[in-house]
Amino acid sequence: MSESYVVDPENGVDLKSQAVQTAEELRSAAASRASQFGEAVERKTGQVTEGASERADQLRQAAETGWEEAKVKVQDLMQEGEVYVRENPGKSVATALGVGFVLGLLFRR
């Protein structure tokens, strides 16, 4: 089968080869833009990941600090409670009986 050439009568240019060349240029330009876009997405993803990682570290440190402070407060309250019970055993027993009685009434219903 022989190739047919379509020639523009005004300037004598082979239209088929010109169309193929233009298509190749467009494909090359599209590939270049896609590559640039992919690189930009990768850069932005890296920035977002880095920022998220930093924020997660900050939150983790804040949570650890809060947990340590809570543990210290609970230990202080337990020590204060022990001291109060040792100094006021009668009041402590009466209070415990009263609280137990009220809770018993509440849970029966």
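Values in this text are rule-based calculations from the coordinates and carry no lab data. The shown structure was predicted, so the numbers you read here are calculated from the model rather than taken from an experiment. With ideal geometry, Cβ positions are generated from the backbone for all residues, glycine too; neighbour counts draw on all protein chains shown.
Things to note:
- Across the range 15-108, the volume of the C-alpha convex hull divided among the residues equals 121 Å³ per residue.
- Mean residue ellipticity, 222 nm, helices only, the chain: the sum of -39500 (n - 2.57) across DSSP H runs of n ≥ 4, divided by residue count and rounded to 500, is -32000 deg cm²/dmol.
- Using alpha-carbon coordinates, inclination of helix 89-108 to the longest axis of the chain, degrees: 60 degrees
- Stretching the chain fully between E42 and E69 yields a gain of 5.7 nm (0.36 nm per residue, less the alpha carbon separation).
- Sparsely packed trypsin sites (Lys or Arg not before Pro) within the range 60-94, loop by DSSP, other Cβ within 10 Å at most 15: none
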